[in-house]
1. Residues Ala89, Ala149, Ala118, Ala102: which one is among the small types (Gly, Ala, Ser) and within 10 Å of the ligand (Cβ to nearest atom)?
2. Could you please let me know if Ala89 is in a helix (DSSP H, G or I), of a type in the set (A, V, I, L, M, F, W, C) and within 22 Å of Ser207 (Cβ to Cβ)?
3. Scan segment 15-29 and give yes if some residue there is exposed (fewer than 15 other Cβ atoms within 10 Å of the Cβ), modelled with pLDDT of 90 or more and either farther than 27 Å from Arg214 by Cβ or among the charged types (D, E, K, R) (or both), otherwise no.
4. How many residues does segment 101-130 contain that are out of contact with any helix residue (DSSP H, G or I) (no Cβ under 9 Å at 6 or more places or on another chain) and either small (Gly, Ala, Ser) or within 14 Å of Leu171 (Cβ to Cβ) (or both)?
5. Considering each residue of segment 45-83, count those that are touching a residue at least 24 places away in the same chain (Cβ under 8 Å), of a type outside the set (S, T, N, Q) and not in a helix (DSSP H, G or I), and give that number.
Amino acid sequence: MTHSSAADTTREENLNPVTPSNQWVLASNNKGKLAEFKRLFAAADLDVTIIPQGQLDIEDAIEDGLSFVENAIIKARHASRASGLPAIADDSGLCVPVLGNAPGIYSARYAGEHGNDAKNNAKLIAELQPIRDTQPSTPIKGMFVCVLAMVRHADDPLPIIAQGLWQGEILAAPYGDGGFGYDPLFWLPELQATAASLSAADKNSVSHRGQAIRQLLTQLPL
Ligand code: IMP
């Protein structure tokens, strides 16, 4: 004899295809990211309204994964569960190979205070100084990483994943007024610019986030 509990019913509902929604939650409260997403989604001309999770009073998720992809999925599920809508999350950061890929998934809180860009940049400069002192003419490589996860519903067993990598060099002092986060330290030798001295449109055309969104769009419709 089989028993059907409320938990089984919920599990079955969660595995069933959901009705496509033309509203998606964007699982981020980071102003810099939100500004870039707005432009990128506008350019994509999707028949979807993107709602930042802050507009729905959804708090940030606890990011306790060990990789960008784990944290992106955690954030997307959290926003989808809280809203009942499909959700898309970005987990991103700066990886510096000579620092064992730090700050990595801890980029937003590298200096201990979430989202304090000035302190994070100062810490990165300080951590790299001894390495620069020993090899003054060798550029220090770094890469921005962006992993996007999209879930159709909170327990979606098949999240859509896209990843963008952007290679550059880390400067010893900030340059440029635009962007956010580590942009003023991220030098692009081929453009003779930092990510902070590019226009918003130019940054999106080459950045880790721009690459990841364009890759995600190739995987739609859901
Ligand atoms: P998350 O919100 O946990 O994904 O953390 C992202 C952090 O990575 C930001 O707070 C920035 O410090 C850094 N970051 C990610 N993308 C960028 C970018 O495009 N420019 C500069 N810093 C970035």
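The values are calculated or read from the model by the stated rules, or taken from the named source; none is laboratory data. All values reported here derive from a predicted model rather than from experimental measurement. Please note: Cβ atoms are built from the backbone with ideal geometry, for glycine as well, and neighbour counts cover all protein chains shown.
1. Numbers: Ala149 fails: within 10 Å of the ligand (Cβ to nearest atom); Ala118 fails: within 10 Å of the ligand (Cβ to nearest atom); Ala102 fails: within 10 Å of the ligand (Cβ to nearest atom).
Selected residue: Ala89, the only one of Ala89, Ala149, Ala118, Ala102 that is among the small types (Gly, Ala, Ser) and within 10 Å of the ligand (Cβ to nearest atom).
2. Values: in a helix (DSSP H, G or I): no; of a type in the set (A, V, I, L, M, F, W, C): yes; within 22 Å of Ser207 (Cβ to Cβ): yes.
Against the criterion (in a helix (DSSP H, G or I), of a type in the set (A, V, I, L, M, F, W, C) and within 22 Å of Ser207 (Cβ to Cβ)), Ala89 does not qualify.
3. no
4. Of segment 101-130, the ones out of contact with any helix residue (DSSP H, G or I) (no Cβ under 9 Å at 6 or more places or on another chain) are 101, 106, 118-119, 122-123, 126, 129-130.
Those still in the list that are either small (Gly, Ala, Ser) or within 14 Å of Leu171 (Cβ to Cβ) (or both) too: 118, 122, 126, 129.
Of the residues in segment 101-130, 4 are out of contact with any helix residue (DSSP H, G or I) (no Cβ under 9 Å at 6 or more places or on another chain) and either small (Gly, Ala, Ser) or within 14 Å of Leu171 (Cβ to Cβ) (or both).
5. The first filter runs over segment 45-83 and keeps only residues touching a residue at least 24 places away in the same chain (Cβ under 8 Å), leaving 46-54, 56, 58, 60-61, 63, 65-69, 71-73, 75-83.
Filter once more, so that each one left must be of a type outside the set (S, T, N, Q): 46-48, 50-52, 54, 56, 58, 60-61, 63, 65-66, 68-69, 72-73, 75-79, 81-82.
From the residues that got through so far, the ones that are not in a helix (DSSP H, G or I) too are 46-48, 50-52, 58, 60-61, 63, 65-66.
Residues flagged as touching a residue at least 24 places away in the same chain (Cβ under 8 Å), of a type outside the set (S, T, N, Q) and not in a helix (DSSP H, G or I) within segment 45-83 amount to 12.
Matching residues to (1) near the ligand (Cβ under 9 Å from one of its atoms); (2) touching a strand residue (DSSP E or B) at 6+ places or on another chain (Cβ under 8 Å); (3) not in a helix (DSSP H, G or I):
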residue: Gln167; (1), (2), (3): no, yes, yes
residue: Asp177; (1), (2), (3): no, no, yes
residue: Gly181; (1), (2), (3): yes, yes, yes
residue: Leu191; (1), (2), (3): no, no, yes
residue: Asn204; (1), (2), (3): no, no, no
residue: Ile213; (1), (2), (3): no, yes, no
residue: Leu216; (1), (2), (3): no, yes, no
